[in-house]
Amino acid sequence: MLISLESPNQPDVIGLIDELDAYQKPLYPAESHHGIDIAALGQANVIFAVVRDDNGNAMGCGAVVTMPEYGELKRMFVRPEYRGQAIAKNLLAFLETEAGRQGCKVLRLETGVKQAEALGLYVRSGYEQCGPFADYVDDPLSVFMHKRLA
C-alpha cells in the first residue's frame, strides 16, 4: 500500500469519486449531500491523497480542504473490496499529518448518520461530535465531528 499526494483529476481517481457518489446518493436526499467536485478538489488549498496497491491500482482517496481556522476532511473513500485492511485508518492518519504540516490545528468533518463504518473510524481516531460549522445547517442526517491535531 502506498499513500501519496496526487491530482484528483485522473481517470481512476474520478472513478473512485463516482463510486463514492453512487454509494451515497441513494442513502440521503440531495439537500443532505455535501461532497465537492473534482475541480474543487484540485484547488491550491486542498490536500488530496490517493491510496494505491502494489500494482498502482487506486484503492481509496481522501482530502482536507484547508482554511485559516481549520481543515475540513472531505471525500474519504475506500473501495469495498479493500476494506478491513486498515487502509482508511492509514489514509486518515496520513491526511492528519499533512494537514498538521500545513498549519492546521483542528480537523472538522460532516458525514452521514447511515455510514456506520465511517463513524466508527472517526471515533476510534479521536474525533468527537460537535455542532454544524461553516455553511452547514443542523441536519438530522448529518453528524459533525472535530479533532484537535497535535
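What follows draws every value from the coordinates through simple rules; no lab data is involved. The model shown is predicted, which means the values in this text are computed figures rather than measured ones. Please note: Cβ atoms are built from the backbone with ideal geometry, for glycine as well, and neighbour counts cover all protein chains shown.
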Separation of the residue 21 and residue 138 label points, Cα + 7 Å toward Cβ, nm
3.2
For region 131-146, what does the Karplus curve 6.51 cos²θ - 1.76 cosθ + 1.60, with θ = phi - 60°, yield as ³J(HN,Hα) per residue in whole Hz, taken in order and with x for Gly and Pro?
x, x, 9, 6, 8, 5, 10, 4, 9, x, 9, 10, 10, 9, 9, 8
Of all lysine pairs in the chain that are eight or more residues apart or on different chains, those with Cα atoms under 17 Å apart total 8
Computed helical MRE - 222 nm, the chain, DSSP H runs ≥ 4 contributing -39500 (n - 2.57), nearest 500:
-8500 deg cm²/dmol
Using the crude model of +1 on Lys and Arg Cβ and -1 on Asp and Glu Cβ, and no other charge, please compute the dipole size for the chain relative to its Cα centre, in debye to 20.
480
Cα gyration tensor of region 2-148, axes a ≥ b ≥ c as square roots of the eigenvalues: rounded (a/c below 1.5), prolate (a/b > b/c) or oblate?
rounded
